[in-house]
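For reference, the structure is listed below as structure tokens.
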Amino acid sequence: MNYEHVFAQAIQSLKDENRYRVFTELGRHAGNFPKATRHLSSGDTQEVTIWCSNDYLGMGQHPDVLTAIKDATDRYGAGAGGTRNISGNTHVICELERELADLHGKESALVFTSGFVSNDATLSTLGKLLPDCVILSDELNHASMIDGVRHSGCEKRIFRHNDARDLEEKLKSIDPSRPKIIAFESVYSMDGDISPIKEFCDLADKYGAMTYLDEVHAVGLYGPRGGGVAEREGLMDRITIMEGTLGKAFGVVGGFITSSRNIVDSIRSYASGFIFTTTLSPIMSAGALASVRHLKKSQLERDQHQERAATLKGLLMDAGLPVLPSVTHIVPVMVYDANLCKQASDMLLEEYGIYLQPINYPTVPRGEERLRITPTPFHDDTMMSELVAALKDVWGRLDLRQAA
Ligand SMILES: *Cc1c(COP(=O)(O)O)cnc(C)c1O
């Protein structure tokens, strides 16, 4: 067998479909977000503005976070030194877990090395511990939840996106005595829509199901203390398990769940994705702790974030660009074609110094390719008018679809 050939073919088939991913090599500028230096293969550099970061509030450069990281480096050194079981438990990660449990008004929390790992480890373990369990999963759930459901080995039912009626049909058809988990997200990050959390909780009560809510694109951003959409809507106590990341709005890295003491203790005790891996570094834990603490007290960043997103949506609409009317901070501009989406993105970067990664299949369905803009409190009016002018130019040059 010619092994190299198999892999060359695998790459070629992605290229044929216009979904071969090219990464942009950047150095972000602390203190000058969202500016960054792009490093080209020629060795040249270019100054660019980032418009697609999930560091939604710029917390990755917040002075409190950077100070906490520097102090922790001096105090603890670089790594955790092991898994939580073997020498890797640290005071700062325990403090972080207490802070996160409090953020969601839950008894306990557990920190993982990433949000992806937290979803995969938790869902797979829940499914193994609940005998004959069925997991009901929204069709647009993130890859990490899909993996978790698959690794649980449970029967799964996929319900239509954010569709309470379809979910109820599925719940009705399952033997009432079987354990059930409804797994969904609050903010869906590609369309920027929000799930009907209350309706899903009502259905969970009616049919005796647990609820598992991914608030990755909402923690830090919604609710009076940044607990997420469930906090904003007063529903946190109705969610069995909440999951979030420390890598997006909190600006650092890591993932977590919050829930009852027994559930969190079970995941701690049974999930291999938690047990058999080196603990998140104490440095990053300290940074995340500072970020969570800051955003619990400060509403300023959340208000500015919402204002910036609303302003940008208005400017794009005025310019006749096909922006999805999202109810959140996410601003998708539709291209509807993989090749054109990549071309638009390349042009914006090369010629306008605007970094907007193309979003193609399988992140979104084929034919729904788009540019996903994530304005932050640090994207000022000048940057916004530059962006809108560049998009209008590119739309004209590539003859892309205008707003309907
Ligand atoms: C990014 C993402 C994750 C994974 O979080 P990381 O901390 O980046 O691993 C989980 N769920 C959703 C919906 C996401 O978008």
Count - residues of segment 102-147 that are under 17 Å from Phe274 (Cβ atoms), part of a helix (DSSP H, G or I) and within 16 Å of the chain's Cα centre (by Cα): 9
Scope segment 160-180; condition under 30 Å from Asp55 (Cα atoms) and touching a helix residue (DSSP H, G or I) at 6+ places or on another chain (Cβ under 7 Å); matching residues: Arg160
Val187 within 15 Å of the chain's Cα centre (by Cα), crowded, with 20+ Cβ neighbours inside 10 Å and without any contact (Cβ under 8 Å) to a residue 60 or more places away in the chain: no
The one condition in (1) loosely packed, with under 15 Cβ neighbours inside 10 Å; (2) in a strand (DSSP E or B) that Val333 fails to fulfil: (1)
Residue count for segment 342-390, restricted to those that are aliphatic (A, V, I, L, M), part of a helix (DSSP H, G or I) and closer than 28 Å to Asp16 by Cβ: 4
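Taking the options Gly396, Gly367, name whichever one is at positive phi and of a type in the set (Gly, Ala, Ser).
Gly367
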Pair list, Cβ under 7 Å, 6 or more apart: segment 154-167 residue closer than 19 Å to Thr122 by Cβ, other residue part of a loop (DSSP other than H, G, I, E, B) and not acidic (Asp, Glu): Cys154/Cys133
Selection count where residues are closer than 26 Å to Glu185 by Cα and in contact with a Ser or Thr (Cβ under 8 Å, 6 or more places away or on another chain), scope segment 298-354: 8
Lone unmet requirement of (1) more than 16 Å from the ligand (Cβ to nearest atom); (2) under 18 Å from the mean Cα position of the chain (by Cα) for Pro282: (2)
Any hit, segment 223-238, residues being part of a helix (DSSP H, G or I), within 16 Å of the ligand (Cβ to nearest atom) and at negative phi: yes
So Ala78, is it under 20 Å from Gly251 (Cα atoms) and part of a loop (DSSP other than H, G, I, E, B): yes
Residue check, Asp132 acidic (Asp, Glu), within 16 Å of the ligand (Cβ to nearest atom) and in contact with a Ser or Thr (Cβ under 9 Å, 6 or more places away or on another chain): no
Residue satisfying condition, being outside any loop (DSSP other than H, G, I, E, B), within 16 Å of the ligand (Cβ to nearest atom) and at pLDDT 95 or above, within set Gly244, Gly251, Gly220: Gly244
Residue under evaluation Ser259, criteria (1) farther than 30 Å from Arg28 by Cα; (2) within 12 Å of the ligand (Cβ to nearest atom); (3) not charged (D, E, K, R), criterion not met: (2)
Tally of residues being outside any loop (DSSP other than H, G, I, E, B) and farther than 15 Å from Arg293 by Cβ across segment 86-101: 1
Answer residue from segment 190-217, given it is among the aliphatic types (A, V, I, L, M), within 15 Å of the ligand (Cβ to nearest atom) and over 13 Å from the mean Cα position of the chain (by Cα) and is surrounded by the fewest Cβ atoms within 10 Å (Cβ to Cβ) among those: Ile194
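The values are calculated or read from the model by the stated rules, or taken from the named source; none is laboratory data. Note that this is a predicted model, so its numbers are computed, not measured. Methodologically, a virtual Cβ is constructed for each residue, glycine included, from the backbone with ideal geometry; neighbour enumeration extends over all protein chains shown.
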